[in-house]
1. On a 0 to 90 degree scale, rounded to 10, what angle separates helix 13-25 from the longest Cα axis of the chain?
2. Determine the sum of side-chain charges near V145: Lys and Arg each +1, Asp and Glu each -1, restricted to other residues whose C-beta is under 14 angstrom from that of V145.
3. Through the Karplus equation 6.51 cos²θ - 1.76 cosθ + 1.60, θ set to phi - 60°, convert the phi angles of segment 72-80 into ³J(HN,Hα) values in whole Hz; use x for Gly and Pro.
4. Quick one: helix 108-122 against the long Cα principal axis of the chain, what's the angle to the nearest 10°, folded into 0 to 90?
5. Test of understanding: ordering I110, I52 by Cβ neighbours within 10 Å, fewest first, what list do you get?
6. Give, in nm to one decimal, the length gained when the segment between M218 and I102 is fully stretched (0.36 nm per residue of separation minus the Cα-Cα distance).
7. So for the chain, taking the charge dipole from beta-carbon charges (+1 Lys/Arg, -1 Asp/Glu), which of I110, P59, I73 sits furthest toward the positive end?
8. For L31, what residues show an amide H to amide H distance below 5 Å, using hydrogens built from the backbone and excluding near sequence neighbours?
Amino acid sequence: MDSLKILVVDDESRMRKLVKDFLVKSGYTVLEAADGEEAVDKFVADKEISLIIMDVMMPKLDGYEAASEIRKISDIPIIMLTAKSDERDELKGFEIGVDEYITKPFSPKILVARVGAVLKRSNVSSDEQNLSVGGINMDIAAHQVSVDGELIELSYKEFELLNYFLVNQGVALSREKILNNVWNYDYFGDARTIDTHVKKLRSKLGAKGEYIKTIWGMGYKFEV
């Protein structure tokens, strides 16, 4: 494995050490930050960071604020650690563009597995073909999407969601199936999380957003 660089952000040094130890054992290089402000500064200064693991409750900038700042300049995958289990907090994170949500206490081995899954999804091999459907073109390697030749900006998760829709065009997809495949693990939270992402994706696709059909009581289908 190449030594990919991960930024671990938590105001508790013991938690940072726990996460760092397991990541280093798995072959990753780990940077640390003790608050959201330091996290943003370190991310801006180091272009080789591949993923961020960040706590929610922190001084100076909390996890949501730091993630929002980072999302202004990058679609880097972000895994949020939180002691909160309220679905409203999870939805807030997903609306910002957080890719994973893990509630404390958690198994470090599960965290490492989630890290591997997210990195795998974000590093699609360059030999995969572009997807082009109904005026929507996805350049997988460049992680770019254009609509009728005009580039549009999608978050990492929106890109993955659109990719899943295009690959499965014409197929009725339940919310649970979408979450399990796009998030790459069994999601036991509120399935309305997918509705939030679909709404934003439709908006960014403009007139092409109508290709994403709602199947009431079930989920969605992408159909041109």
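1. The answer is roughly 70 degrees.
2. -2
3. Listing the rounded values in order: 5, 10, 7, 9, 3, x, 10, 9, 9 Hz.
4. Helix 108-122 sits roughly 40 degrees off the main axis of the chain.
5. I110, I52
6. 39.2 nm
7. So the residue furthest toward the plus end is I110.
8. So L31 has HN proximity to I6, L7, V8.
Read the figures in this text as sums done on the coordinates, not as results from a lab. Nothing here was measured: the structure is a model prediction, and the numbers come from that model. In this analysis, Cβ positions are derived from the backbone assuming ideal geometry, glycine residues included, and neighbour counts consider all displayed protein chains.
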